[in-house]
1. Identify the residue in the range 139-156 that is among the β-branched types (Val, Ile, Thr) and in a strand (DSSP E or B) and, among all such residues, is nearest to Gly484 (Cα to Cα).
2. Which residue is surrounded by the most Cβ atoms within 10 Å (Cβ to Cβ), if the candidates are limited to the range 228-238 and must be of a type outside the set (Ser, Thr, Tyr) and within 11 Å of the ligand (Cβ to nearest atom)?
3. List every residue pair whose Cβ atoms sit under 8 Å apart, with the two residues 6 or more apart in sequence or on different chains, where the first one lies in the range 170-186 and is without any contact (Cβ under 8 Å) to a residue 60 or more places away in the chain and the second, anywhere, is part of a strand (DSSP E or B) and more than 16 Å from the ligand (Cβ to nearest atom).
4. Just to be sure I understand, how many residues within the range 338-365 are buried (at least 19 other Cβ atoms within 10 Å of the Cβ) and at pLDDT below 95?
5. Might you check whether a residue that is in contact with a Pro (Cβ under 9 Å, 6 or more places away or on another chain), of a type in the set (D, E, K, R) and surrounded by fewer than 23 Cβ atoms within 10 Å (Cβ to Cβ) occurs anywhere in the range 256-279?
6. Given the criterion of a type outside the set (Gly, Ala, Ser), at pLDDT 95 or above and crowded, with 24+ Cβ neighbours inside 10 Å, identify the matching residue among Val318, Val306.
7. Please go through (1) of a type in the set (S, T, N, Q); (2) within 14 Å of the ligand (Cβ to nearest atom); (3) under 24 Å from Cys40 (Cβ atoms) for Gln161 and return the number of the only condition it doesn't satisfy.
Amino acid sequence: MSSEDIWFDTRRCFIGGAWVESDSGEDLELTNPSNGKIICSIVRGNTADIERAVTAASKALEDSWGRMTAPERGRILFRLGQLVLDNTETLARLEAMDVGKPLTQARADVIALARYLEFYGGAVDKVHGETIPYLDGYTVYTLRERHGVTGHIIPWNYPMQIIGRSVGAALAMGNAAVLKPAEEACLTALAFADLARQAGLPAGALNVVPGLGAEAGAALTQHPGVQHISFTGSVGVGKLIQAAAAQNVVPVTLELGGKSPQLVFEDADVEKALPFLVNAGIQNAGQTCSASSRILVHSSRYDEVVSKMAARYRNLQVGPAMDDLDVGPLISQRQKTIVEGFLERGKGLEVAAEGDITSDAPSDGAYVRPTLYSGVSPDHVLAQQEIFGPVQVIIPFSDEEEAVRIANGTPFGLVASVWSDSGARQMRLAKKLRAGQVFLNNYGAGGGVELPFGGAGLSGHGREKGFEALYGFSTLKTVAAHHG
Ligand code: ADP
């Protein structure tokens, strides 16, 4: 895969069903994090481009897209899902080159994107209102209606998956979307736009404006013609986006990351847990909102878990995305500096084990060694802040109450898991843990497009995935008829 394999125009925006030049006349450079080389130039969309995109989206709502029935929209999403699958290898290679994720992980993201389109395409004609018993002489019912134009600001870590879960659901409900991908990785967003065109998605239903967050992103969140904003990214930018949306009083969905724990109790099946304990921390080089960066272990199993996790860490191979090893590079040198800053602050902690960077990994790649710390105090900065790198901390606990206190003792609340044979404990903890998703004797459930996902506290609010996403991308109208 090289820049010659890119079949769409990376120096244009996709607006109103066509590839158009940016008003800015400027480009940004896209870097391959595996080797530090420039992949290609990408368009630097600006406020005027966002204006055109919102106008095109509004027009699509008045034209054919806005008049389509739910089954018709679903059929287009199915076609798009099939096209995504037909292009699995190409899309996976684009994502691997752009994001730095190992090919196997990139392929899984393509399948997930297709699954979102299938799920939402098939679910949308099952979304309906209800009738409500009311006073004598009345019939009352509810209608689920689209918001209108939806804005989607997505990060660089899982572009395809997040496009699927957010844009897929918005389109299914009949909204017209304006997507601002991340400046660090936007190739698959542009590829998706081209596949949507091929699938027959009407002009303007999906518009993609790459560019900088402070320019195109901010313009999108401030635009009065946008009726809903969904954002996945950092806490700091999430706050800015909520504040911008407040100016136009529009709803926002914020998915802002976490410090998700896995709790390993004395009666846990440690052998079964092991791959989940490690993979949930190092997948996508730890650059995952729902990464499990804290492993809480009962003191009776502590030494065993530390030594077994450490053995796995010592076998981890880090290298270029196309070599498809366990861990790829981080997204950028900037991210590498951030992660190294945390490792610096971890000096003095006990390092249980580290992974290895392969000898042929290019020196300009953004590689860091996966690092496992043990015996970490729950209030240490490495146990409190989101690192967004392949770094996990193991924290001992002595009883269930302490485990819950530690698990809930960060400002985040995205995902948690409980490893225990006790059904009663599983049920108790499922209620007590502060998280949008709790997994019992597993972690992540393979991504699960069917499973509502979102956070509490600094992890954000609103739910995506599953039927909840379709409710979130629509609004409820109550109709009360008096007929005597
Ligand atoms: P990270 O720190 O992980 O790169 P960010 O939260 O900065 O994550 O970026 C996530 C997305 O938000 C990207 O598409 C980025 O361009 C966008 N973004 C950044 N700043 C702003 C902003 N002020 N307004 C709107 N979008 C923004």
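The values are calculated or read from the model by the stated rules, or taken from the named source; none is laboratory data. The model shown is predicted, which means the values in this text are computed figures rather than measured ones. Using ideal geometry, Cβ is built from the backbone for each residue, glycine included, and neighbour counts are taken over all protein chains shown. Ligands, DNA and RNA are excluded from the accessible area calculation, which covers all protein heavy atoms including side chains. Shrake-Rupley method; radii C 1.70, N 1.55, O 1.52, S 1.80 Å.
1. Thr139
2. Ranking the candidates gives Phe231 first.
3. From residues that are without any contact (Cβ under 8 Å) to a residue 60 or more places away in the chain, the pairs are Leu179/Leu206.
4. Result for the range 338-365: 0.
5. Looking through the range 256-279, none of the residues is in contact with a Pro (Cβ under 9 Å, 6 or more places away or on another chain), of a type in the set (D, E, K, R) and surrounded by fewer than 23 Cβ atoms within 10 Å (Cβ to Cβ).
6. Val318
7. Looking at each condition in turn, Gln161 falls short on (2).
Residue by residue, here is whether (1) more than 10 Å from the ligand (Cβ to nearest atom); (2) in contact (Cβ under 8 Å) with a residue 60 or more places away in the chain; (3) closer than 26 Å to Thr288 by Cβ holds:
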{"residue": "Gly211", "(1), (2), (3)": "no, yes, yes"}
{"residue": "Ala216", "(1), (2), (3)": "no, yes, yes"}
{"residue": "Val226", "(1), (2), (3)": "yes, yes, no"}
{"residue": "Leu240", "(1), (2), (3)": "no, no, yes"}
